[in-house]
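Participant: Dropping a structure here in C-alpha cells format, bear with me for questions.
The values are calculated or read from the model by the stated rules, or taken from the named source; none is laboratory data. Keep in mind it's a predicted model, so treat the numbers as computed, not measured. Cβ: placed from backbone, ideal geometry, glycine included. Neighbour counts: every protein chain shown. Quick note on the areas: whole protein, heavy atoms, side chains included, nothing else; ligands and nucleic acids left out. Shrake-Rupley method; radii C 1.70, N 1.55, O 1.52, S 1.80 Å.
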Amino acid sequence: MGFIDFIVKLCKDPRSAIAGWIAMGVTQAYAFIFLIIFIETGVVVCPFLPGDSLLFAAGFFTAADSSTGEAGSLSLFVLLPVVWIAPIVGDQCNYYIGRTFGKRIIDSGKVKAMTPERLEKTEKMIEKWGPLAVFLSRFFPFIRTFMPFMSGMSGMRWRRFTPFSILGALVWSTLFVLMGHFFGGIPVVQKHFELVIVFILVMSLLPAIITLIKAKMSGSAKKK
C-alpha cells in the first residue's frame, strides 16, 4: 500500500512531492526525478507515472521567486541533463526488453495496462509513421511507454529507433521543464497549481480519449 499511496500522491500533487524530496536534499530530488522519468519510460508495467506533470512541477522549482528574487531550489542547468538522460536510457532499456521478452510478456497477459486497444494504437502508429512514430509517441501518455517496447518486439532496427528516441526525449523533457520554469512562477499559476496539473494531465490524455471514443463509435456503427 505504501507504493500505491506514493504514486497517488505523486499524481495528485507532484509539486508537494518534489518539495518533500528537496527537503531531503537537492541531490535526492534530482535522483527521484530521474528515477520516476526513467521508470515511466523504461519499465513497460509503469505507464501510469505522471511524466508530463512531474517535469512541469520540476521546472517550477528552477524559477526564481518573484516576490523575494531568491534563486529556485533546483538548478535548470542541472535538471535539464537529468531529464534528458532519464528517458533516453529508459527507451533503450524498454526497447531491449521488447526485443528480448516482448512476445512472452504479451502472451502472459500479466501487464494489464497493455490493453488490446493500446497495443493496436501503438502498432498502427508504427505502421503509419515508421520510426517517426517513436518521436511522436513521446507526447502521448501510455503510448510513450509502449512504443519502445513494441519497436523492439516488432524488429525495428536499433539504428532507426535510437535517433528518433533521443530527439523525442530531448524535445519532450525540455518543453515541459521550460514551461514550468517560465510559467510556474506566474501568481495565477501558483494559486491554481493543482488545476494546472489537472489541465496538463487532461490535455495529455485527450488524444487517447478521442481515439477510444472514435473506436467505440466505429464499433457501434459496424454492429448496426
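Participant: For the range 1-14: of the residues being open to solvent by less than 70 Å² (accessible area, probe 1.4 Å) and within 16 Å of Ile197 (Cα to Cα), which is modelled with the highest pLDDT?
Facilitator: Per the stated criteria, the residue is Pro14.
Participant: Go through (1) touching a helix residue (DSSP H, G or I) at 6+ places or on another chain (Cβ under 6 Å); (2) more than 20 Å from Ser165 (Cα to Cα); (3) part of a loop (DSSP other than H, G, I, E, B) one by one and return the number of the condition Pro47 breaks.
Facilitator: It fails just one condition, (2).
Participant: Collect the residues in the range 120-140 that are surrounded by fewer than 20 Cβ atoms within 10 Å (Cβ to Cβ), under 19 Å from the mean Cα position of the chain (by Cα) and not in a helix (DSSP H, G or I), keeping them in residue-number order.
Facilitator: Within the range 120-140, Pro131, Phe139 qualify.
Participant: Still on this structure, I have one more. Scan the range 15-50 residue by residue and report those that are open to solvent by less than 10 Å² (accessible area, probe 1.4 Å) and either among the basic types (Lys, Arg) or farther than 26 Å from Ile97 by Cβ (or both).
Facilitator: Ile18, Ala29
Participant: If you go through the range 1-35, how many residues are closer than 14 Å to Leu54 by Cβ, aliphatic (A, V, I, L, M) and not in a helix (DSSP H, G or I)?
Facilitator: 0
Participant: Suppose we filter the range 92-119 for residues that are open to solvent by 50 Å² or more (accessible area, probe 1.4 Å), farther than 21 Å from Leu167 by Cβ and in contact with a Ser or Thr (Cβ under 9 Å, 6 or more places away or on another chain); how many remain?
Facilitator: Result for the range 92-119: 1.
Participant: Quick one: which of Gly155, Gly184, Gly219 is modelled with pLDDT of 80 or more and out of contact with any His (no Cβ under 7 Å at 6 or more places or on another chain)?
Facilitator: Gly155
Participant: Within the range 141-165, track down each residue that is more than 12 Å from Arg99 (Cα to Cα), touching a Lys or Arg at 6+ places or on another chain (Cβ under 9 Å) and not in a helix (DSSP H, G or I).
Facilitator: Phe142
Participant: Of all residues in the range 141-190 being over 14 Å from Leu119 (Cβ atoms) and among the β-branched types (Val, Ile, Thr), which is least open to solvent (accessible area, probe 1.4 Å)?
Facilitator: Result: Val177.
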